[in-house]
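Engineer: The structure is given below, and queries will be raised subsequently.
Throughout, read-outs are computed from the coordinates displayed, never taken from laboratory work. What you see is a predicted model, and the numbers here were worked out from it, not measured in a lab. Heads up, the Cβs are rebuilt from the backbone with ideal geometry, glycines too, and the neighbour counts pull from every protein chain shown.
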Amino acid sequence: MRFRQVHLDFHTSPLIPEIGVKFDKKHWQETLKAAEVDSITCFSCCHHGYSYHPTKVGMMHPHLKFNLLREQIDASHEIGVNVPIYITAGINQYASEKNPAWRAVDCNGKYTSWNDSPLKAGYYKLCFNADGYLDFLSDLIEESVTMFPDADGVFLDITSQPECCCPACIRDMLANGLDPQNGTDRKKMARISMMKYYRTAVAAIRKHSDTMTIFHNAGHITMGDTEILPYFTHLELESLPTGGWGYDHYPISAAYSRKLGLEFLGMTGKFHTSWGEFGGFKHPNALRYECAAMLANGSKCSIGDQLHPSGKLDSSTYSIIGTAYREVKAKESYCDNVTGTADIAILGAEPFLTADEQIAGSVYPDGSIGASRLLLELHQFFDFVTLDMDLSQYKVLILPDVIKLKNDEFTLIQAFLDRGGKVVLSGDSGFDREGNKFLFDIKAQVSEKSSFDPDYLEPAEKFAPEYMHTPMVMYAPSRRVVPDDWKNATGKIYDSYFNRSFAAFCSHKHTPNKPEESGYASGVITDNILYFAHPVFSLYRRYGNTAVKEHFAKAFFELLGSDRKFTCDLPAQGRATLQYQKEFDREILHLLFATPSLRGGGSGESIEVVEDLLPCPEVNVELKCNRPVKSVRIVPENKDVCFSFDNGVLSFTAPGFICHQMLEIQY
């Protein structure tokens, strides 16, 4: 996979004339070369349903007079730039208008659309199970693959299936013993339809090419859904921070995807907001930071753009992209064929949620986001895992907030503990699936949730922030915990006088705490288990209170003890990752620093924006290494850094930097 990719959207209305008339081979090539682009995904068929080349299967855009995709591929290949081709899959407006029976229908009999009314602008969703649609899509794919055998891959978009109640889906649900009136059964039918799509689409490509890359884009990599992975050659992690994903999303997606054994791209966009935006420009510093974060997390880079209907690449856009990609080009040799070195794992919550608890769209559960955010701000190396993965490299496993376990799942985690691992639990995590019994031996009784919402936490002295000596509100109730020995308690719970209601309230928000202790602990720490009675990870994601972070950090590092691998004094907004390059027997420590700020709002959207890249001061680093270190250098600048290595601990001071610094640790 190439490091410096562009995903070039070209969804173009039939009402716009003179399509592609300003495409110029020389300008195309000079623009891509100046921006250091080495791969560009170009369109075969867009969401409007139009092809950008002659077609016998679909419909060529009515105002396109030549084979635009052929010209784009030839121009790109002449300068060594790859060209995967894009084919819309789950949306095709032209096809849906010609074949309304292919449209997905919800359980209320309404066509599924990007909007709630046919009088609003938006595409219709197609059903992969509708009679005839997959045949049409397969023919469209085969035509593109045979017409452009030199294409470097196929990107299939909107590869998701709603709970469809079209005639074909109702027929097949009944034939399979499923009840169309039951939401769970509708989801099962959607899964059957999706698997049929994967088999059909991949067969259409592989019938003509064994080498083209294949990616199916659904906007989200669902943790635990490994059944679909054989139909992918690589992953592309769509995560536009300004487009609703935010800056929390990509680190989670990457921390899981790097465990799946596939190469992957991080995909951001040049847009100020999100896809479909013409004339929107992200600050160059934002792209610099986002691409650096991709490198730091072991991925290649992809930046989304949208081609003007005239076919001319936008000079402002590629000036901005070039600012980031010139830096990527200089760094990529230190970022290729890397593996993570994390010894902390967060157990992904998605496989433990019921169908009703699953979150729609490209959103991770609050507990996952909060756990990731805490470890990022504490500069700890971590992966997201599922229980079918090999956990032997990890010293700590975190189960955030909502992970209730079946017997076999508990057995796997107990085996991890028996091998010397340590476990962090919070809230409902650690209970059986019914939520009735706490499964782990933490030398305490853990029972029902408190009836007081919220309640208050006073940390034990060794786990308290320096500035806090009284109870803090926790914005949620805790599980009732009674330790066998209060020396193991992480803190004490104070109850509210009463819960706020119309009949009983105090002040503007919530009732204060009673002066006396409740008799319950806020958590327990043993030699190998740390339990928080509150859903601390979800609470940190929702409220971001630093006192909770500091309380968590002190307890967490107490649990780690001598197993703590990495320490540094980066600011909270700094990020640190460590990747190993086996070919060169070296580790690359990535230090990142940016300060996203919330802009917009009012009657519009609030957007996380990176504008100024402030200098990060020098960073003191301590890293546990299992063998002697030969050298530490800043790369690609090749500047030596003074270091010491004593008793297996590497110590050095990284000089101040802007945005991103890489340090090569050579063994």
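Engineer: Mind jotting down the three principal axis lengths of segment 1-76 based on Cα atoms? Whole angstrom, largest first.
Structural biologist: If we take the Cα atoms of segment 1-76, the spans are 33, 25, 20 Å.
Engineer: Let me ask something additional. Once each part is reduced to its C-alpha centroid, what is the distance from segment 504-543 to segment 572-612 in angstrom?
Structural biologist: 31 Å
Engineer: What is the distance in Å between the Cα centroid of segment 272-342 and that of segment 629-667?
Structural biologist: Using only Cα atoms to place each centre, the spacing works out to 27 Å.
Engineer: Still on this structure: Based on the Cβ-Cβ distance of Thr146 and Met468, what FRET efficiency does E = 1/(1 + (r/R0)^6) give at R0 = 56 Å, to the nearest 0.05? Write down the numbers at each step before the final one.
Structural biologist: Numbers: r = 68 Å, r/R0 = 1.21.
Efficiency, from the Cβ-Cβ distance: 0.25.
Engineer: What is the Cα convex hull volume of segment 567-666 when expressed per residue in Å³?
Structural biologist: Enclosed volume per residue, from the Cα hull, is 116 Å³.
Engineer: Projecting each Cα onto the charge dipole of the chain (Lys/Arg +1, Asp/Glu -1 at the beta carbon, about the Cα centre), which of Cys166, Gly58, Val402 comes out farthest on the positive side?
Structural biologist: Farthest along the dipole direction, towards plus: Gly58.
Engineer: What net charge is computed for the residues neighbouring Gln306, neighbours being all others with C-beta under 11 Å from the C-beta of Gln306, Lys and Arg scored +1, Asp and Glu -1?
Structural biologist: Working: positive: Lys270; negative: Asp9, Glu277, Asp305, Asp314.
My count for the surroundings of Gln306 gives -3.
Engineer: Take the Cα gyration tensor of the chain, multiply each eigenvalue by 5, square-root it, and list the three semi-axes largest first, rounded to whole angstrom.
Structural biologist: 45, 33, 23
Engineer: Take the eigenvalues of the Cα gyration tensor for segment 344-564, scale each by 5, and report the square roots as semi-axes in whole Å, largest first.
Structural biologist: Gyration-tensor ellipsoid for segment 344-564: 27, 20, 17 Å.
Engineer: Of Met389, Met173, Met294, how do they rank once you tally other Cβ atoms within 10 Å and put the fewest first?
Structural biologist: So the residues, fewest neighbours to most, are Met389, Met173, Met294.
Engineer: Take the Cα of Phe505, step 7 Å along the line toward its Cβ, and report every residue of segment 428-459 whose backbone nitrogen sits under 18 Å from that point.
Structural biologist: 453-455
Engineer: Past 21 Å, Cα to Cα: identify those pairs from Lys25/Lys65; Lys422/Lys565; Lys404/Lys449; Lys443/Lys487; Lys120/Lys196; Lys33/Lys300, in the order given.
Structural biologist: Lys120/Lys196
Engineer: Per 0.36 nm of contour for each residue apart, how much would the distance between Ala34 and Val635 grow if the chain were fully extended, relative to their Cα-Cα spacing?
Structural biologist: Working: separation 601, 0.36 × 601 = 216.36 nm, distance 2.32 nm.
Result for the pair: 214.0 nm of gain on full extension.
Engineer: Okay, moving on. For Val641, Val328, what's the fewest-to-most ordering of other Cβ within 10 Å of each Cβ?
Structural biologist: Ordered by Cβ neighbours within 10 Å, fewest first: Val641, Val328.
Engineer: Would you mind calculating the gained length between Arg542 and Glu78 on full extension (0.36 nm times residue separation, minus the Cα-Cα distance), in nm to one decimal?
Structural biologist: Full-extension gain reported as 162.0 nm.
Engineer: Same structure, new question: Of the beta bridges DSSP finds with both residues in segment 57-187, what % are antiparallel, to the nearest 5?
Structural biologist: Numbers: 4 of 9 bridges.
That works out to approximately 45 percent antiparallel.
Engineer: Give me the tail of P(r) for segment 478-547 as a percent: Cα-Cα pairs with distance above 19 Å.
Structural biologist: I get 49 percent for the Cα pairs in segment 478-547 exceeding 19 Å.
Engineer: Quick one: work out the % antiparallel among DSSP beta bridges in segment 344-564, nearest 5.
Structural biologist: On the way: 18 of 34 bridges.
Counting DSSP beta bridges with both partners in segment 344-564, the antiparallel share is about 55 percent.
Engineer: Looking at the chain, what % of its DSSP beta bridges pair antiparallel, to the nearest 5?
Structural biologist: Here the share of antiparallel DSSP bridges comes out near 55 percent.
Engineer: Highest mean first, how do 6-17, 103-114 rank when packing is the count of other Cβ atoms within 10 Å averaged over residues?
Structural biologist: The peptides rank, most packed first, as 6-17, 103-114.
Engineer: Charges only on Cβ, +1 for Lys and Arg, -1 for Asp and Glu: so what's the dipole of segment 506-592 about the Cα centre, in debye to the nearest 20?
Structural biologist: Result for segment 506-592 is approximately 420 debye, rounded to the nearest 20.
Engineer: Counting pairwise Cα distances across segment 316-428, what percent come out greater than 24 angstrom?
Structural biologist: Of the Cα pairs, 41 percent sit more than 24 Å apart.
Engineer: Nearest 0.05, what FRET efficiency do Asp210 and Ala101 give at R0 = 41 Å with Cβ-Cβ as r?
Structural biologist: 0.75
Engineer: Also, I was wondering about something else. Using a Förster radius of 51 Å, what is the FRET efficiency between Ala330 and Asp418 based on their Cβ-Cβ separation? Nearest 0.05, please.
Structural biologist: Numbers: r = 47 Å, r/R0 = 0.92.
Computed FRET efficiency for Ala330 and Asp418 comes out at 0.65.
Engineer: What does the charge dipole of the chain about its Cα centre add up to, to the nearest 20 debye, if the Cβ of each Lys and Arg holds +1 and the Cβ of each Asp and Glu holds -1? Each step should come with its number before you reach the end.
Structural biologist: Working: 66 positive and 84 negative charges, 90 e Å.
So the magnitude is around 440 debye.
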